Amino acid sequence: MSIWGSFNNAIFPDYFGDEFGLPLPPPQSSIMKNGATATQPSELGNTGVTKAALEDTNNGFMREKKGALAYAPIFDGLYCFETLEIYGFRHFMGVAEDSEPPLKRVKGPLEESKSLPEDHSTTISVSCSLGDQMARPLTSQGDGETIGSQGVIRKAEFIKIITRALYSLGYDKSGALLEEESGIPLHSSVVNLFMGQVTNGKWDDSVATLRTIGLSDEIMKSASFLILEQKFLEHLKMEKVAAALDTLRNEIVPLHVNLDRVHKLASCIISPSQCIRLGISGQDTEGTKSGSKILEKLQKLLPAAIMIPEKRLEHLVERALDVQREACVFHNTSDSDLSLYSDHQCGKNQIPSQTLQVKENGRVLLKHTLCGHQKPVLIVSWSPDDSQILTCGQDEVIRRWDVSSGECLHVYEKTGVGLISCGWFPDGRGIFAGMTDKSICLWDLDGRDLECWKGQRTLRISDMAITDDGKRIISVCRESAILLLDREAKFDRLIEEVDMITSFSLSKDNKFLLVNLMNQEIHLWSIEGDPKLISEYKGHKRTRFVIRSCFGGLDQSFIASGSEDSQVYIWHRCSGELLLALPGHSGAVNCVSWNPGNLHMLASASDDGTIRIWGLDRFNLKGGEQSNGSNHQCNGRS
């Protein structure tokens, strides 16, 4: 039996081997194509195609493959068939894999070929009759058809990921319909068989099927280990100790993987309580529950092209939102305000830039006058719960006050040594202080000494901080150096700066340090592990006074600072770009503080005797309208 088609005005026969139960065609002369000669049918023998012809991949004919063989020249629309699979050469369309037997899929075209005329010199259009009646031929399976404006999204992968998402969301009918309509199955028939066997606890069958999927030796052994381990544990649960031992010796051990785990499994035979130490409960070996859990583990182990990862579409969408958020220099809105309907891009109106309040002398209600210090007060520090405050007099003592009553609760001092700075433990159960002898001391609330570090630890005017876990104390130890003291490891590191340090601020996550310098620069340091300079911020003015800066905004993505030119400066933390300079004060702005509970509120204190509260520019905020794909769209809250 033969099927005929034409190529460059020549007649080409398509031969099928006797594995199909079909007779071989009569001998034909050799056919020249692009300088290569096809093997004569008379030389094919009973196999249908010689090995030499199949191995010659340069002549446009089929390669060698196990199964029933097909022999076909290359021309548009003509397919090559085998017993188990269908192949489409690069020159013509491929065929999507499905669960129907290949013979069933080609039944129509083969039967129709019986009616072909005996006059073989007539040109027959095979491409239409074969292509139209095949089971949904898709170029996405053969030549990597792509979609999207940039041509980087493979259509087949895109459809599979959508199908996976539909099943994950519980839309099983829609998922099945998409597979049917697209002709692109989520998984191959072999993988579907494997997944069903694992889910139903058919461990031996699943291991056998696993070997046919085409995995690397390493992955196949690791996957087999997971399956056989479950088989071993089920034998133990059913008290089939001999069967469990046989599985361990003859199936698991020969894999030569995870030997430490093998030893622990062996100990389960001697002591069943060892299973509990391994984190294995009775529920882990219960029917379909155990199969489902093993399938989850296998999904993480097997290549994504074989088993689409759970929630892959959600991951891709979240990554896309992350990229948009990271690219938005003004991003200062919660994640709940992000939308999939349009590209996200905040405007300047998400940064506090409008004066909401001005608090002047005499407009703040006086609650208490705290008396007791004999020298100027250098430091005021609120307790973590805001119920108490610490005050430190210059070269004097530290006093702890009750905010509600104004009563002095305790006085901390050290004979012959003055105190120059102070702060609270993160839990509020103790305090730390810098001394005039350049030491650092820790007290509990009742004044008992806890720890003390002597040496070149602090300066006479010194900022100090302690991390939230209480493990590290940070202090200016020289004019151009900051000490990072690890209380547990009993060692310290230094941050060496290029100029005199005037102040510093610790980030909320305790990972970064913001350092103000005499040379009108602000440096951002990473203090995880070895200190590393991350970014520099410039533009503000400082010539005479101590100017303080702070972190602020969503994830502390912004840096704010006072300035002697009466303005408040705001930078993007990662890029170092100066975003805003806010006028309003009439004197040097000494200090700024970003509200930790309100992303859109900032306070600044100035030598003009006022405190300004900054918020969103409501007028410009109203102008932000949503527009799909627009760069000016703002998803921020109003």
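Values computed for the structure shown
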item	result
Rounded percent of accessible protein surface that carbon and sulfur make up, the range 379-496, 1.4 Å probe	45
Cα centroid separation - the range 331-352 against the range 230-260, whole Å	55
Kirkwood Rh, Cα atoms: Rg over Rh of the range 308-396	1.28
Total charge dipole magnitude, the range 187-310, about the Cα centre, Cβ charges on Lys, Arg, Asp, Glu only, Debye to nearest 20	160
Apportionment of accessible area to carbon and sulfur, the range 187-310, percent (1.4 Å)	55
Charge tally in the Cβ shell below 12 Å around Ala305, where Lys, Arg are +1 and Asp, Glu are -1, Ala305 excluded	+2
Probe 1.4 Å, accessible area per residue of the range 379-496, Å²	46
Ranked packing of 188-201, 233-246, most packed first, by mean Cβ within 10 Å	188-201, 233-246
Per-selection Rg to Rh, the range 187-310 - Cα, Kirkwood hydrodynamic radius	0.95
Diffusion constant of the range 379-496 at 25 °C, which comes from Stokes-Einstein with the Kirkwood Cα-pair radius and 0.890 mPa s, µm²/s	172
Filter on Lys511/Lys541; Lys471/Lys508; Lys264/Lys311; Lys311/Lys508 - keep pairs with C-alpha separation over 23 Å	Lys511/Lys541; Lys264/Lys311; Lys311/Lys508
Probe 1.4 Å, accessible area per residue of the range 187-310, Å²	53
Violating pairs (Cα-Cα greater than 26 angstrom) within the set Lys348/Lys538; Lys367/Lys414; Lys160/Lys231	Lys367/Lys414; Lys160/Lys231
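The values are calculated or read from the model by the stated rules, or taken from the named source; none is laboratory data. Not measured: the values here are computed from a predicted model. Quick reminder, even Gly has a Cβ in these numbers, built from the backbone with ideal geometry, and neighbours come from all protein chains shown. Accessible surface areas use protein heavy atoms only, side chains included; no ligands, DNA or RNA. Shrake-Rupley method; radii C 1.70, N 1.55, O 1.52, S 1.80 Å.
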